[in-house]
Each structure stands twice: as C-alpha cells, then as structure tokens.
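S.K.: Can you keep this structure in mind? I'll have questions shortly.
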Amino acid sequence: MSRPIRAVVSTSALHNNVALARAQAGAAGLWAVVKAHGYGHGLLWVAQNLAAHTDGYALLELEEAYALRRVGLNHPILLLEGFFAARDLPHFVELGLTPVLHNEAQLRALEESTLTQPLPVYVKVNTGMNRLGFLPARALEVVQRLARLPQVASITLMSHFAEADDVRGIEPAYGRFQQFHQAVQGQLGRALPRSLANSATLLRYPQIVGGAGSWGRPGIVLYGASPFPHWFDAKTLGLQPVMTLSSQLIAVQHLAPGERVGYGGLFTAPEAMRIGIVACGYGDGYPRHAPTGTPIAVAGKRTRTLGRVSMDMLMVDLTPVPEADVGAPVVLWGGSGSAYVPADEVAHSAGTIAYELFCALAPRVPVTVA
Ligand SMILES: *Cc1c(COP(=O)(O)O)cnc(C)c1O
C-alpha cells in the first residue's frame, strides 16, 4: 500500500467552473490560463478537459506550448510573457502562438525578423501595475509601428489590473486604458480588440470584458477558488473545488494535560486529548506556516490542525471526531459535503492565497482523476 496522500482532480468541477467563466465573458473569447502546470492540477489533464470549453490557452513556456500541440490541441495559445529571445520567434510561427509584447527589445526583435507567416500579437499596456507593459503614452507609437509590420497578423490591446480583487477596484487603471483605446482608434481609424479580464475582473466587471473579438483570461476560477475570498467564498460564487488534497491518519496519540505537540512544542494540550497524525506535510506542498487552528476534515467532520507542520506529517485535534482511528480519511483542502474544506480558508489561515497552495503541490503527491 502506498502512502495515502493524493490529489484528486474533478472533471465535473472543472466543467462547472469554466461554464461560469464562459457565462461572464458573454460574446468574448476565453483564454483558459493554464500556466504553472495548470495551477498545479496537471497541464495536460486541465488542457484536454477544457478543450471543448475554451477558445485558447494562456501559459508561459514554449515547452508547455509544444506539449499541448503534441497531444493534438490546436487552439490558439497566448504566451503571457511573450518571447524571451529573437531565436524563439520561428517556434512561435511553427506552433501558431500569440506573443504578448511588453517591452522595446521584443518589439525590435519582431521588427528585425523575417517570418514565414505573420503572428497575431498582444500589446501589453501598463495601466498602473508597473510590472510589464508600455505606458499608454508610449504604447500608441508601439501600436503604430506594429500596424505597419508584415510580420503582424493582428493586434489586440491587453492590460492587467493590480487591484481588481480589492477595495480600489479597476479605477483609475481602466480609465487609462479607455483613453488609450480611444487614442488608438483615432489613429488607426478602427477599434482594436481587448483582453483585460483575469478572474477577478471577469466576475466583478463583466461589462468591461469586451464583445466578440475580445478575450477574457480566467485562471483561478477555473480551479474553483475565489478571486476575492475576503468578500465572497467560492461556494457563494458557484465555484466547485477541482482539486481535493486527501490523506489518512497514520497514528493516534493520547495527550495528558500540559503535553506539547510537534517541533518546537508549539501546541500544549490544555486537557487530556486525542490527536491524530496525518500523512501530509510541507514536503507535499502543505504550507508550513499554517498555524494551530487551520481547518481540516477528518472522517467527514471539520476539525483543526495542531502545532507546527512538519515535512511529512501534521497533527490534528480529534476531539470533534472521537471515533476516528488510524486509516480515517482526511481532507486537507477541497472535498464536498461535511468534508468540504475550502482551499481559500486554509490559505487564509496560512497567510497566503489558494493560488500558492495549488502551485506548491509537490511532485511526490500522486494526482488521480475523479
Ligand atoms: C495569471 C494571469 C491571469 C489569470 O489570473 P487569475 O487571477 O488566476 O484569473 C490573467 N492574466 C495574466 C496576465 C496573468 O498573468
């Protein structure tokens, strides 16, 4: 019998979530964001199971684009950081990829290239994130240069909002984008399609996604976590967890009052207690920073973790589940019914976000399909 930890991924949950994103996007297309190995869920499994439900895929590496083409997925693919060197460009042509252009070096490389086929390109506009992209004042000239290039098949204007999931929302960034969009329209005499909406924007501001020809870029909602868990939990939004991280109790201990638990003795039993030892630790991707009290389900009931997470194990309070013994099922996150533990809650307890939990799933955890 192998170690009992596994991540089970649910096709029906993935389909539920993409349908929700699709409904929000209206007539716009959908790039399913599958970067970081499909947010830890498995690139090929995610991509193949979204094939009939998405218009394209967004990711970062040429190697991953090749992997999708190798399994016969012919959808458009958006490379979110574009190309990293001019020598990558022939691969973009060969695979039919869409680069995001965000800096002058890329622009120049494209201008100096001779391609056997023109590429569709995205121009990234920096509307205030100050990470990637051309400032609106410069971007107009960039678009004019691209519009003249025989290497360019089509231009889409793209931006990414830093606070779509927070109090400030998309302003003033969206205002800057709108101004830029109109300036481009004035110069070219036609409106260009846009791509603005990550999960938070898609759910909160569906009116700005753009119509047919424009594209949304949902990531986290596809996997069933909330883009703004501080306001709405995943269930309230109609999302279902795609990944369930589960394991089992591999030992039970009886503590006398005053006894301490785990490395550093961070938890002290206030009274006689039964505790369970779960085969899951930070070596599996469970956050070491999750403190005592982090939610977890044992034998279908919610309880809490105790003490410090170690590499291969963590401890749980069995007070609410006196019947649980070695072999009892444990849900670390995901699950359903009385064993539902939202990844957002575990992440919040550990001072992070569900994105990081999913991406951190360790390669030693077997992934199986429900
Ligand atoms: C990762 C990413 C997304 C998806 O973001 P979510 O919050 O997961 O929806 C969209 N656009 C860009 C540019 C990204 O890097």
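The values are calculated or read from the model by the stated rules, or taken from the named source; none is laboratory data. A quick note: this is a predicted structure, and the numbers were derived from the prediction, not measured. Neighbour counts run over all protein chains shown; Cβ positions are idealised from the backbone, glycine included. Calculation scope for accessible area: heavy atoms of the full protein, side chains included, ligands and nucleic acids excluded. Shrake-Rupley method; radii C 1.70, N 1.55, O 1.52, S 1.80 Å.
S.K.: Which residue fluctuates most in the GNM of the chain (Cα springs below 10 Å): 213, 133, 82?
M.R.: So, out of 213, 133, 82, the one fluctuating most is 213.
S.K.: Counting alpha carbon pairs within less than 8 Å and at least 6 residues apart, what relative contact order, in whole percent, applies to the chain?
M.R.: Computed value for the chain: 18 percent relative contact order.
S.K.: Residues of region 129-229: accessible area per residue at 1.4 Å, in Å²?
M.R.: Dividing the accessible area of region 129-229 by its residue count gives 41 Å².
S.K.: Roughly how far apart, in whole Å, are the Cα centres of region 250-280 and region 197-230?
M.R.: 43
S.K.: Which trypsin sites (Lys or Arg not before Pro) in region 100-192 pass both tests, a DSSP loop state and at most 10 other beta-carbon atoms within 10 Å? Walk me through the numbers before you get to the answer.
M.R.: Working: sites: 108, 124, 131, 138, 145, 148, 168, 176, 190; in loops: 131, 168, 190.
Of the trypsin sites (Lys or Arg not before Pro), the ones in loops of region 100-192 whose Cβ has at most 10 other Cβ atoms within 10 Å are 131, 190.
S.K.: Output wanted: per-residue J couplings in Hz (rounded whole) for region 263-270, from phi through Karplus 6.51 cos²θ - 1.76 cosθ + 1.60, θ = phi - 60°, x for Gly and Pro.
M.R.: Karplus-based 3J(HN,Hα) across region 263-270 equals 3, x, x, 5, 10, 10, 5, x Hz.
S.K.: Same structure again: Tell me which GluC sites (Glu not before Pro) from region 81-115 have a DSSP coil assignment and no more than 10 other beta carbons within 10 Å of their own.
M.R.: On the way: sites: 81, 94, 104, 111, 112; in loops: 81, 112.
Those satisfying the criteria are 112.
S.K.: Also: Sort the following peptides by mean Cβ neighbour count (other Cβ atoms within 10 Å, averaged over residues), highest first: 345-355, 193-203.
M.R.: Result, highest mean Cβ count within 10 Å first: 193-203, 345-355.
S.K.: Would you work out which of 339, 270, 238 lies farthest towards the positive end of the dipole of the chain, given +1 charges on the beta-carbon of Lys and Arg and -1 on that of Asp and Glu, about the Cα centre?
M.R.: Going by the Cα projections, it comes out as 238.
S.K.: Something else about it: If you roll a 1.4 Å probe over region 295-370 with all protein chains in place, what percent of the accessible area is carbon or sulfur?
M.R.: 61
S.K.: Right, another one. Using just the helices of the chain, give the 222 nm mean residue ellipticity in deg cm²/dmol: DSSP H runs with n ≥ 4 each add -39,500 (n - 2.57), and the total is spread over all residues, rounded to 500.
M.R.: Values: 12 runs with 104 residues, N = 370.
So the helix-based figure for the chain works out to -8000 deg cm²/dmol.
S.K.: Between region 139-156 and region 29-99, what's the alpha-carbon centroid distance in Å?
M.R.: Here the two parts' Cα centres lie 22 Å apart.
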